[in-house]
Amino acid sequence: MFFSNRKRIALISVHGDPAVEIGKEEAGGQNVYVRHVGEALARQGWQVDMFTRRAGPEQPKVVEHSPYCRTIRLKAGPQEFVPRDEIFEFLPEFVQAFLDFQQKLEAPYLLVHTNYWLSSWVGMELRKKQPSLKQVHTYHSLGAVKYKSIPTIPLIAKTRLAVEKAVLETADRIVATSPQEKEHMRSLVSPNGKIDIIPCGTDVDHFGSVERQDARAALGIAPDEKLVLYVGRFDPRKGIETLVRAVHRSCLRDSGKLKLFIGGGSRPGHSDGQERVRIEGIVAELGLGEITHFPGRLSREELPTYYAAADVCVVPSHYEPFGLVTVEAMAAGTPVVGSDVGGLQFTILPEETGLLCPPKDEEAFAIAIDRILNHPEWRDQLGQAARKRVRAKFSWDGIASQLNRLYTQLLEQPAKKPTQVSA
Ligand code: UDP
């Protein structure tokens, strides 16, 4: 069995497979985060194993991304897509599969970094069996915040809230991706536990690689046309409806120059397919069909062109723990109009790199979008400041260096026995 002298870490992301195509159902920021953190850590000298649930018999069990970074897919429950709210019952099988895999290695992992509450439970169970194991956790989404913004609370909510509290209180370190997320943990989850703030990152060179004019030519956008862009999953929490209604209120609506692109994948019959149909219905009802285009899932190669071509990128989420799309658009030199929530309050500097609006407030979004579209020189200034901010604060290598320091410091600390917790 292959064994290197590198420091080893297991990144656990039960439902967010770092090796799948991003933009498909339930594949979003978490998948991107785990994959890029993994690859950047490998460049910084770690041996990185990323564990996820196998969601199809055709999926390879192991995917090698680079010499020291691989995805390992474990069997836990049916080998098919399972919505994240229905995965909890399969976690004991995931824990066992992890232990079986680990047994074949020359030495056990000393450190796990778990992602999302499902994986945090796996990490806590592993620590019961292996008390010297250190656990770092990133939430990606907090039930306590999410459940405030949705009309129907799922059955799993009670378990999720209990697990989220337990991991905050027992993990060696929690990584909050913004000061706003840390504040939510403290006010809504628990006053106990150790939290560091280390943001998400982005590939600034990749997203900044296309010139605006080339991008617009490639997408057939004329110099005098205005392009408003959304990129992301079709999920009601993303607030796409607010954007569509804001565009309907825009003073440029009937100018013949306004275009709205809503990018992201969806599958008929799945939850994201339902939201896509709902959004298409609103577009039709408001008579915006002529100016609205749904390009579908955008690949990593296509995204820089879309971001660079846009006059403004809109992130109208009801709740957003960090929001990778924001920093990707900013890296491309495009200002962002976002909801005044969570991580968007951290990444967007209002009036400097973009604008913030109250969530669900279509009128405020319309005014903000129009302000940017009607002032091209200001738009360029905002875009340049946005790009500068991302370069300085949100590069993956910079983020991985901060994680590297945290992990190294934890590995140097003597192990403490974890408190017993039950969900
Ligand atoms: N994404 C993509 N193609 C698409 C739609 C989204 O690659 O068609 C990517 C996007 O570039 C970003 C991620 O999916 O990296 C979404 O992350 P974000 O944090 O904005 O939202 P989440 O999905 O985590 O709620």
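The values are calculated or read from the model by the stated rules, or taken from the named source; none is laboratory data. Quick caveat, the model's predicted, so the values are computed rather than measured. Note that we place each Cβ from the backbone using ideal geometry, even for glycine, and neighbour counts take in every protein chain shown.
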The condition from (1) surrounded by 15 or more Cβ atoms within 10 Å (Cβ to Cβ); (2) closer than 30 Å to TRP117 by Cβ; (3) more than 16 Å from the ligand (Cβ to nearest atom) that HIS248 misses is numbered (2)
Checked PRO295, PRO321, PRO316 against criteria (in contact with a His (Cβ under 9 Å, 6 or more places away or on another chain) and either of a type outside the set (Phe, Trp, Tyr) or over 30 Å from VAL175 (Cα atoms) (or both)); the one match is PRO321
Count of the range 343-398 residues which are of a type in the set (A, V, I, L, M), out of contact with any Lys or Arg (no Cβ under 8 Å at 6 or more places or on another chain) and assigned to a loop (DSSP other than H, G, I, E, B) = 1
Considering every residue within the range 88-111, establish whether at least one is in contact with a helix residue (DSSP H, G or I) (Cβ under 7 Å, 6 or more places away or on another chain), buried (at least 19 other Cβ atoms within 10 Å of the Cβ), among the β-branched types (Val, Ile, Thr) and touching a residue at least 60 places away in the same chain (Cβ under 8 Å).
-> no
Of all residues in the range 276-329, which are near the ligand (Cβ under 9 Å from one of its atoms) and of a type in the set (S, T, N, Q)?
-> SER299, SER317, THR326
Near pairs, Cβ below 7 angstrom, 6+ apart or cross-chain, from the range 232-259 (closer than 17 Å to ASP361 by Cβ) to any residue that is polar (S, T, N, Q) and within 16 Å of the ligand (Cβ to nearest atom) | ARG237/SER149; ARG237/SER317; LYS238/SER317; GLY239/SER317; GLY239/SER339
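Can you list the helices (runs of 4 or more DSSP H) found entirely within the range 138-189 that contain at least 2 residues being among the aliphatic types (A, V, I, L, M)? Please lay out each step first, then the result.
Numbers: elements: 143-146, 157-170, 179-184.
Once the helices (runs of 4 or more DSSP H) in the range 138-189 are filtered for at least 2 residues that are among the aliphatic types (A, V, I, L, M), what remains is 143-146, 157-170.
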Quick check: anything in the range 26-36 among the polar types (S, T, N, Q), part of a loop (DSSP other than H, G, I, E, B) and modelled with pLDDT under 95?
-> no
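Pull up the range 203-223, narrow it to residues that are of a type in the set (Gly, Ala, Ser) and surrounded by 20 or more Cβ atoms within 10 Å (Cβ to Cβ), then point me to the one that is nearest to ARG387 (Cα to Cα). Don't jump to the end; show me each part of the working.
First, pick out the residues of the range 203-223 that are of a type in the set (Gly, Ala, Ser): 208-209, 215, 217-218, 220, 222.
Next, only the ones that are surrounded by 20 or more Cβ atoms within 10 Å (Cβ to Cβ) stay: 208, 215.
Values: GLY208: 8, ALA215: 17 Å.
Top of the filtered list is GLY208.
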Identify, please: which residue in the range 288-322 is without any contact (Cβ under 8 Å) to a residue 60 or more places away in the chain and out of contact with any helix residue (DSSP H, G or I) (no Cβ under 8 Å at 6 or more places or on another chain) and is, among those, farthest from GLY201 (Cα to Cα)?
-> GLU290
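Here are VAL63, VAL20, VAL14: which of them is of a type in the set (A, V, I, L, M), part of a loop (DSSP other than H, G, I, E, B), within 30 Å of HIS270 (Cβ to Cβ) and touching a Ser or Thr at 6+ places or on another chain (Cβ under 6 Å)? So that I can check it myself, show each step before the final result.
Values: VAL63 fails: part of a loop (DSSP other than H, G, I, E, B); VAL20 fails: touching a Ser or Thr at 6+ places or on another chain (Cβ under 6 Å).
Of the residues listed, the single one that is of a type in the set (A, V, I, L, M), part of a loop (DSSP other than H, G, I, E, B), within 30 Å of HIS270 (Cβ to Cβ) and touching a Ser or Thr at 6+ places or on another chain (Cβ under 6 Å) is VAL14.
Counting just the residues of the range 296-339 that are of a type in the set (A, V, I, L, M) and out of contact with any strand residue (DSSP E or B) (no Cβ under 8 Å at 6 or more places or on another chain), which one comes out surrounded by the fewest Cβ atoms within 10 Å (Cβ to Cβ)? Don't jump to the end; show me each part of the working.
So in the range 296-339, the residues of a type in the set (A, V, I, L, M) come out as 298, 303, 308-310, 312, 314-315, 324-325, 327, 329-332, 336-337.
This time we only want the ones that are out of contact with any strand residue (DSSP E or B) (no Cβ under 8 Å at 6 or more places or on another chain), so: 308, 332.
Values: ALA308: 25, ALA332: 29.
Within the range 296-339, the match that is surrounded by the fewest Cβ atoms within 10 Å (Cβ to Cβ) is ALA308.
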Can you name every residue in the range 183-202 that is over 17 Å from the mean Cα position of the chain (by Cα) and surrounded by 21 or more Cβ atoms within 10 Å (Cβ to Cβ)?
-> MET185, VAL189
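Is there a residue being within 15 Å of the ligand (Cβ to nearest atom), charged (D, E, K, R) and under 18 Å from THR326 (Cα atoms) anywhere in the range 212-233? If you could, list the steps in order and put the result at the bottom.
Residues of the range 212-233 within 15 Å of the ligand (Cβ to nearest atom): 219, 229-233.
Remaining after also requiring charged (D, E, K, R): 233.
Okay, now just the ones that are also under 18 Å from THR326 (Cα atoms), so 233.
Looking through the range 212-233, at least one residue is within 15 Å of the ligand (Cβ to nearest atom), charged (D, E, K, R) and under 18 Å from THR326 (Cα atoms).
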Kindly establish whether GLY201 is in contact with a His (Cβ under 9 Å, 6 or more places away or on another chain) and within 15 Å of the ligand (Cβ to nearest atom).
-> yes
Filter result for the condition that a residue is within 16 Å of the ligand (Cβ to nearest atom) and of a type outside the set (Phe, Trp, Tyr), over GLY29, GLY77, GLY45, GLY56 = GLY29
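Answer with yes or no whether GLN402 is under 19 Å from the mean Cα position of the chain (by Cα), part of a helix (DSSP H, G or I) and either surrounded by 15 or more Cβ atoms within 10 Å (Cβ to Cβ) or not charged (D, E, K, R) (or both).
On the way: under 19 Å from the mean Cα position of the chain (by Cα): yes; part of a helix (DSSP H, G or I): yes; either surrounded by 15 or more Cβ atoms within 10 Å (Cβ to Cβ) or not charged (D, E, K, R) (or both): yes.
Against the criterion (under 19 Å from the mean Cα position of the chain (by Cα), part of a helix (DSSP H, G or I) and either surrounded by 15 or more Cβ atoms within 10 Å (Cβ to Cβ) or not charged (D, E, K, R) (or both)), GLN402 qualifies.
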